[in-house]
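These notes are about the structure you will find just below.
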Amino acid sequence: MRKYLTYLKGDKVIWIISLLMLAFSLVSVYSFVPILVKIEGGTPVKYLSKHLLYVVIGFALMYWIHKREAKNIYQFSRFAFVIAIGLLIFTLFFGAKVNDAGRWIRIPFVGLTFQSSDFAKYALIVYLARMMVKKKGQYQDWIRGFGPVMMPVVIICGLIVKDNFSTAALLFLICLSLFFIGKVSFVKTTLSIAAVLALFGIIIVAHKTFPEANIFPRYETWENRINNKMNDQVDVLSNAQALNAELAIYNGSIFGEGVGDGKLKEYLPEAYADFYYASFVEEFGSIFAIVLVLGYLILLFRIFKIGVKSDRLFETYASIGIGILLLTQASVNMLVCTGVFPVTGQNMPLLAMGGSALIMTCVGLGVVQSFAYRQERALNDNNKEEIA
């Protein structure tokens, strides 16, 4: 193991946790897909093979990106942001629809899909880190300072919100946390938030006033999820999947039912993704659930450490943003499964059945490892100079 780690530069702990989670995801996905087999047909091996392909692609990208120069990532961030806007606009008009949500782009000839918002999340965070560096000290100027920092957030979140409110809201909050860290004008940020909320409220009123326009195709879904959460003990049928998730956690108890022996996973529509944590606890128990939480916390700590150690603000902002994004996704998945949050579509990073979310998580970690590798080289160069 130590021999192979010599080829992986940067933070070794992040590499070990990432590889362990990716490897474990193969076991859990194979175990958690019976509901998908029932609904769409095929066999567990078929879905395992597809997931394995995503794991290989994700790890390959993580390895390739971590070898790139950090300055190249800084320069590429603008191009990535433009691509993200293009993909989101394309998805709005031509995206493949599932449950009235047009979030996916079908990749021709290979039968795979890609969720454009997964790419846009990381593109926005890295580009925002770049803009915060460029405009630092100019935040009091609406046009030259604050505007160029705030507008990318509004554009990306605005393009995502129509079909994926939870992702847009979480991404918006993560960007605001970066504003706080970067000491972006509090007054201007507050005024901007008020303006965004007011605009969002006006659009909702317009949607309700002119329902035939169908401005927010999934508005009723958002409303129902909140109402169902508030009445989860009364309306049992509407809350069946959320209640089954809580029951699965209860069944798991301390030691779990055992790999492949979970029963409730066959009644959870997204047991391998949105309700991953519930399926995990049912089969592996509360003890391993604690280990899982610790794994994410260690991952977050190592990512934050890389950001704080850096002598470049871009690396600091990008690392912290990526770390917060990863932990937020994992936390929301857990909170939904335990009944704290309404049902929403956030899966477990590195563990849930892959697709674009898995690949982009690996890309984000590759970016952080690129920063860690630069710091490692700089430290080695300094040590050589001291010895000389």
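Nothing in this text is a laboratory measurement; each read-out follows from the coordinates by a stated rule. The structure presented is a predicted model; accordingly, all values stated were derived computationally and were not measured. Please note: Cβ atoms are built from the backbone with ideal geometry, for glycine as well, and neighbour counts cover all protein chains shown.
For the reader, a short list of remarks on this structure follows.
- Within straight-line cross-link reach of K38, lysines at Cα separation under 29 Å, skipping those fewer than 8 residues along the same chain: K46, K50, K97, K229, K263, K265
- Over the chain, the fraction of Cα-Cα pairs per 20 Å bin, rounded to whole percents and listed from the shortest bin up, is 26, 58, 16, 1.
- Comparing mean-square fluctuations of P211, P342, P269 from a GNM of the chain with C-alpha springs under 10 Å, the top value falls on P211.
- Simple label model, 7 Å out from Cα along Cβ direction - F255 to D141, nm: 6.7
- Largest GNM mean-square fluctuation across Y139, Y277, Y127, computed for the chain with C-alpha springs under 10 Å, falls on Y139.
- Calculated on C-alpha atoms, the gyration radius of region 30-182 divided by its Kirkwood radius gives an Rg/Rh of 1.04.
- Approximating the spin labels as points 7 Å out from Cα along Cα→Cβ, the V154-to-A378 distance works out to 3.4 nm.
- Relative contact order (%) - criterion: Cα under 8 Å, at least six apart; region: region 2-387: 27
- GNM result for the chain, Cα springs below 10 Å: residue of A213, A60, A278 fluctuating most strongly: A213
- Under 5 Å between amide hydrogens, built in the peptide plane, is the criterion, and for T113 it picks out I107 among residues at least 5 positions away or on other chains.
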